[in-house]
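The values are calculated or read from the model by the stated rules, or taken from the named source; none is laboratory data. In this text, all values refer to a predicted model and were calculated from it rather than measured experimentally. Every residue, glycine as well, gets a Cβ built from its backbone with ideal geometry; the counts of neighbours run over all protein chains shown. Protein only, heavy atoms only, side chains kept; ligands, DNA and RNA dropped before computing areas. Shrake-Rupley method; radii C 1.70, N 1.55, O 1.52, S 1.80 Å.
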Amino acid sequence: LEHNYTCEANDEENTLHVTCDKGCEYDEILKMEAPTELVYNGNSKPAILSGEIVNMPVIEYNTVDGQAPVEAGTYTATIKYEDKSVSIEYTIAQAKPVITITSPTPAIIPGTSMVLKVDIKHPEVEGLEDLPTNFVINYKIGTAVEVYEITGLRLTIPSDVALGQSIYVYVENEAVSGKYGVGQSNVLTLYIGQIDYSGDINAVAKALEQAK
């Protein structure tokens, strides 16, 4: 039996509808949709095809290499059947990194310093090697409005800072084009002064509470 396939494209439903006009019962629809996961995670994000038609088309992308997109941005995917085609557009968003800052001790004495630890992760995927490496550590003292920036990981408190206050430290990363937007860490609260534990396991919490 000879077949003669014809195709109708529906731009509203993003479908290619193929039928045979030679008397057979061939009648199939191929639909294209955007991927469901649209946040950068290091993996490619191809458009989704549902259904199957004769002479299945290959999805064409407007990327540099013609392959499914990986990085953040807006892309167009197209499927063609002879002279008919449908296209969809979708946007992959930058991931917002999860940043955690910690300190070796809960208190710091004026005129001394400590080395902080900053941990940056993808919000969902473990083990990615392209995480942001450039970040800024800021801190405020007590109720003061002024924000200070430190270089590197070493936090140094001037010797003339009054005891008994709290210092609030947080981190912001620099955006990475096509991958990560700007994220902000937790706020690390440190007590300025010497904490006398005296066997009281709640001494740190009490000192921080008093310093608020």
query: How much of the accessible area of segment 1-80, probe 1.4 Å, is carbon plus sulfur, in whole percent?
result: 44 percent
message: In whole Hz and in residue order, list the ³J(HN,Hα) couplings for segment 37-45 that follow from phi through the Karplus curve 6.51 cos²θ - 1.76 cosθ + 1.60, θ = phi - 60°; x for Gly and Pro.
response: 9, 10, 10, 4, 8, x, 9, 5, 10
- request: Find the centroid of the Cα atoms in segment 88-106 and in segment 126-183, then give the distance between the two in whole Å.
  value: 14 Å
In Å, descending, principal axis extents of the Cα set of the chain: 94, 33, 28
- prompt: In segment 83-124, carbon and sulfur make up what percent of the accessible area (probe 1.4 Å)?
  reply: 49 percent
task: Quick one: what are the phi-derived ³J(HN,Hα) couplings along segment 81-95, Karplus 6.51/-1.76/1.60 with θ = phi - 60°, whole Hz, x for glycine and proline?
output: 9, 6, 9, 10, 7, 9, 9, 10, 10, 9, 10, 9, 8, 5, 6
- prompt: Label-point separation (nm) for residue 147 and residue 54, each offset 7 Å from Cα along Cα-to-Cβ?
  reply: 6.4 nm
message: Residue by residue through segment 100-105, what is 3J(HN,Hα) from phi via Karplus (6.51 cos²θ - 1.76 cosθ + 1.60, θ = phi - 60°)? Round to whole Hz and write x for glycine and proline.
response: 10, 10, 9, 10, x, 9
query: How fast does segment 86-178 diffuse by Stokes-Einstein, in µm²/s, taking the Kirkwood radius from C-alpha pairs at 25 °C and 0.890 mPa s?
result: 157 µm²/s
field: Accessible area per residue, Å², the chain with all protein chains present, probe 1.4 Å
entry: 58 Å²
- prompt: If you average 1/r over all unlike Cα pairs in segment 1-85 and invert the result, what Kirkwood radius do you get in angstrom?
  reply: 14.2 Å
field: Dipole magnitude of the chain, debye to nearest 20 (Cβ charges: Lys/Arg +1, Asp/Glu -1, about Cα centre)
entry: 1520 debye
